[in-house]
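Okay, so here's the structure we're looking at.
What follows draws every value from the coordinates through simple rules; no lab data is involved. Quantities reported herein were computed from a predicted structural model and do not represent experimental measurements. All Cβ positions, even for glycine, are placed from backbone atoms using ideal geometry, and neighbour counts span all protein chains on display.
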Amino acid sequence: MSRIHSLKGHLDELWSFESLAVDLKERQDLHLDVSGVLSVSAGGLKHWKAWLDGLGRPQLYLHFCTPLFFEQMNSVRGLQYLQAIVGSVEVHYVCPACSTELDYMMYRGQNFIEGTAEHRESLTLPEKVSCPSCSHPMEPDFRGQDYFSFLKYRN
């Protein structure tokens, strides 16, 4: 796999993507770790797309997407706007017995695959996530259809 570059902080119209020092002369894939992103503004999203266009429109892969990042990107249809492929995403679980919270990382090709013209999208949530504190079964803390809307086929 290509090198994964890290994005951190508040992505707005003033954020300096040039600090990533990305060199795409040899390949057209760009892998970004977005686990450190605290917020994404609409202006930041436009700035991000302009930066990608300036790089020759590489295929964008987003890794280690947090629930906060996902909520913000889904609210502005940012994944579709950037034509990004999600490589991994955190799913939040809560224990109804003791309120312990847990983030579970899901991976493209292992837990999910986006839909294409040839096949439907696929999502496999863990059958059972046990609470590390009390061993009670945990429950997912997200709205499945909205949270995984990026899997739907878009032509």
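The three principal axes of the C-alpha atoms in the stretch 1-86 carry coordinate ranges of 33, 24, 22 Å, sorted with the longest axis first.
Can you count the Lys pairs in the chain whose Cα atoms are under 23 Å apart, with each pair 8 or more apart or on different chains?
Numbers: LYS8/LYS46; LYS8/LYS49; LYS25/LYS49; LYS46/LYS152; LYS49/LYS152.
Counting lysine pairs in the chain gives 5.
I'd like the antiparallel share, as a percent to the nearest 5, of DSSP beta bridges with both residues in the chain. Before the final figure, lay out the partial values.
Values: 12 of 29 bridges.
Of the beta bridges lying entirely in the chain, close to 40 percent run antiparallel.
Just to confirm the number: angle between the C-alpha axis of helix 42-54 and the first principal axis of the chain, 0 to 90 degrees, nearest 10? Around 50 degrees separate the two axes. Charge tally around ASP33: other residues with Cβ under 11 Å, Lys/Arg +1 each, Asp/Glu -1 each, net +2. Here the spin labels are modelled as points 7 Å beyond Cα on the Cα-Cβ line, and at LYS8 and GLN28 they lie 3.2 nm apart. Think of it as helices only: each DSSP H run of n ≥ 4 in the chain is worth -39500 (n - 2.57), and spread over all residues that comes to -5500 deg cm²/dmol at 222 nm.
Using only the C-alpha atoms, the convex hull of the chain corresponds to 127 Å³ per residue.
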